[in-house]
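Some notes on the structure that comes next.
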Amino acid sequence: MAKKTETLIRWTYEENVTAEEFIARLAPLVCEAISNLREMDGDMFVSDYRNLCEAADRLSNAVAELRKEEAE
């Protein structure tokens, strides 16, 4: 039986992580910022905005990398 290779996703320039680890690291960036946003009726801390931007960038890069691998 062939062993399935696990897809790695780039987290930083020198670090690749599994999909599970990627989600675990991404969740606090999004969940904490959204929680604060809800508690403050739409107002947002700059740090929460930064975290959401970081999460969006990481997701965008991950999707681009996965699509590139599929095309090869």
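Values in this text are rule-based calculations from the coordinates and carry no lab data. Predicted, not measured: the structure shown is a model, and the values here were computed from it.
For the reader, a short list of remarks on this structure follows.
- Spatial offset of the stretch 41-64 relative to the stretch 8-24 amounts to 17 Å, using the alpha carbon center of each.
- Residue-span extension gain [Phe45 to Ala71] - 0.36 nm each, minus C-alpha spacing: 5.4 nm
- Using alpha-carbon coordinates, inclination of helix 19-39 to the longest axis of the chain, degrees: 10
- Crossing angle, helix 46-71 versus the chain [Cα axis fit, 0-90 degrees, rounded to tens]: 20
- Cα Rg, Dmax, the chain, angstrom units: 15.3, 54
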